[in-house]
């Protein structure tokens, strides 16, 4: 699982591989120049430019894919907060004692939907939420069998929305991700491009460490941005859970004076 490796570790490994690729490419280029004296950079420069242009195109596409998935997860958080709020309010119109029972279950259910960076906590929350959903549907089915009116029908629809948006959000977090093949192609293409830049420097016998470092930082930062946007459990860019936190606070029972 790619989420098991922290993004910070990936960043360090990527930079090291890029530096090694540049140094290895430079030494190879210098050896090749000594083996074929008088050969100029020629086609090597064209090849390097083409590879960097292709890499930039792939980076742009991948960044767009990761950004779209990030926006989808953010939209699901807002939608889930709205659905929970509506379901809680409509539960108050159910016949007693189902109204109080349902609202209490929703109070326990809502905090479990607040995202966490700890995958163990996420798994526990998923299991607990599934148990609470089963209890809520059991109560709802009992009410629907004994009476039928518009209020109950509206609540059934709201509870269905709560269940569906939770599943959609989990699917977006675990399954709707940038394909690993594209990420590996991006990383390998970056290392190979840096290696070719080093090779070109070796052929011309003109190495610029500053240029190499700047290029590595620019390409590495873009790749890490893609990984950060694509990973819902790690990184500096995270989906704000504030809408769900506000719902958890708002549906708490009033404090007695």
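Read the figures in this text as sums done on the coordinates, not as results from a lab. Bear in mind that the values here come from a model prediction, so they are computed numbers and not experimental data. Glycine also receives a Cβ, built like all others from the backbone with ideal geometry; neighbour counts cover every protein chain displayed.
Tabulated data
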read-out	value
Residue with peak Gaussian network fluctuation, the chain [Cα springs, cutoff 10 Å], from 53, 173, 66	53
The chain: angle of helix 98-109 to the longest principal axis, Cα-based, in degrees nearest 10	20 degrees
Mean ellipticity per residue at 222 nm, deg cm²/dmol - from DSSP H runs of n ≥ 4 across the chain, formula -39500 (n - 2.57)	-27500 deg cm²/dmol
Pairwise label distance in nanometres, residue 78 with residue 120, each label 7 Å out on the Cα-Cβ vector	3.5 nm
Point-to-point label distance, residue 157-residue 35, nm (Cα→Cβ direction, 7 Å offset)	7.4 nm
Highest average packing first - 154-164, 138-148, Cβ atoms within 10 Å	154-164, 138-148
Segment 158-252: C-alpha gyration tensor shape, a/c 1.5 cut-off, then a/b vs b/c	oblate
Fully extended contour minus Cα-Cα distance, from residue 16 to residue 205, at 0.36 nm per residue	65.8 nm
Top of 61, 126, 210 by mean-square fluctuation, Gaussian network on the chain, Cα under 10 Å	210
Förster-model FRET efficiency, 30 Å R0, residue 188 and residue 249, C-beta, rounded to 0.05	0.05
Computed E for residue 146/residue 237 - FRET, C-beta separation, R0 41 angstrom, nearest 0.05	0.25
Principal axis dimensions, the chain - Cα atoms, whole angstrom, descending	93, 35, 25
Label-to-label distance, nm, for residues given as residue 8 and residue 107 (7 Å Cα→Cβ offset)	3.8 nm
Length released on extending from residue 60 to residue 214, taking residue separation times 0.36 nm less the Cα-Cα span	53.6 nm
Candidates 179, 111, 97: whichever shows maximal mean-square fluctuation once the chain is modelled as a Gaussian network with Cα springs under 10 Å	97
Using alpha-carbon coordinates, inclination of helix 43-91 to the longest axis of the chain, degrees	10 degrees
Sequence-separation-based contact order of the chain, relative, with Cα cut under 8 Å and 6+ spacing, percent	47 percent
